[in-house]
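The values are calculated or read from the model by the stated rules, or taken from the named source; none is laboratory data. Since the structure is predicted, the reported quantities are computational estimates derived from the model, not experimental observations. Don't worry about glycine lacking a Cβ; one is built from the backbone with ideal geometry, like all the others, and counts go over all protein chains shown.
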């Protein structure tokens with residue numbers, strides 16, 4: 001019985017990916033349907049842990065809104081995407097916003113973390129920080 005529950009949880013947890021779709025930009029799916037070329041993708045805090053598939057030339061925008069803590073402006077690692085704009089975020093109280101352009105086939109990771117001034121004080125406060133991460137796979141141009 002434990003093996004069946006473990007297997008079901010493993011299957012449910014893996015394969016979660018986001019498709020670039022105008023009709024459901026923030027929904028996580030396990031669909032393998034091809035995304036529409038050049039349709040912008042929108043990500044928010046609830047997109048944390050998902051995977052997005054983009055075509056070259058497609059853009060993805062990220063808006064992370066904080067409550068007591070502010071998010072840092074999202075950054076990208078890897079050469080598959082390039083950040084084209086950024087605004088807000090820590091140390092201010094505006095949402096952290098960034099737009100990325102899919103420039104090269106491959107993999108990139110978009111990431112951010114939240115922050116608050118008391119974490120940088122001496123002595124610092126004991127507030128737990130959260131991280132945000134989305135994996136992006138870029139494929140060649142849509143034909």
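Kindly check whether there is at least one residue in region 136-143 that is within 19 Å of residue 59 (Cα to Cα), more than 18 Å from the chain's Cα centre (by Cα), surrounded by fewer than 13 Cβ atoms within 10 Å (Cβ to Cβ) and free of Cβ contacts under 8 Å to residues at least 24 places away in the same chain.
Yes, the conditions are met somewhere in region 136-143.
Suppose we filter region 76-102 for residues that are at negative phi, within 17 Å of the chain's Cα centre (by Cα) and either surrounded by 14 or more Cβ atoms within 10 Å (Cβ to Cβ) or outside any loop (DSSP other than H, G, I, E, B) (or both); how many remain?
So the answer is 18.
In the set 11, 60, 46, 109, which member is crowded, with 18+ Cβ neighbours inside 10 Å and either modelled with pLDDT under 90 or within 20 Å of residue 133 (Cβ to Cβ) (or both)?
None of the others qualify; the one that does is 60.
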